[in-house]
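Scroll down for the structure; my scribbles are underneath it.
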Amino acid sequence: MRIKRKTPGAVGALLRREGLYSSHLTTWRAGRERGDLAGPTILKKRGPVPRVADPRDKRIAELEPATTFWRKRAERAEALIEVQKNIAALLGTPATTERSS
């Protein structure tokens, strides 16, 4: 497809108005002939590029349920120990605590 020149200097005026040079036309025409300017066959979506999933994020997501389970279990165990200490104090028997170092 060629631009028809109805008046002398029309292409030059268009290039000046758009801030382009005649060498751009030469480059674009050569690219068109090579097939470089065929364009994408599928339209690209606009917007931010989606993040590539980090394998560590997947592993963290896999471990979160187990972490939550063990955290809740530890909280229940600590609450049970407190109840046992209170019962021992009410009964007058000293509660012995063994801690591993």
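The values are calculated or read from the model by the stated rules, or taken from the named source; none is laboratory data. Model, not experiment: these values are computed from the prediction.
Per-structure values
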{"quantity": "Residue identified as over 16 Å from the mean Cα position of the chain (by Cα) and under 30 Å from H24 (Cα atoms) among L37, L90, L80", "calculated": "L37"}
{"quantity": "Lone qualifier among L63, L25, L14 - being of a type in the set (A, V, I, L, M), more than 41 Å from the chain's Cα centre (by Cα) and at pLDDT 85 or above", "calculated": "L14"}
{"quantity": "Test set (1) part of a loop (DSSP other than H, G, I, E, B); (2) among the polar types (S, T, N, Q); (3) at pLDDT 90 or above - S100 fails condition number", "calculated": "(3)"}
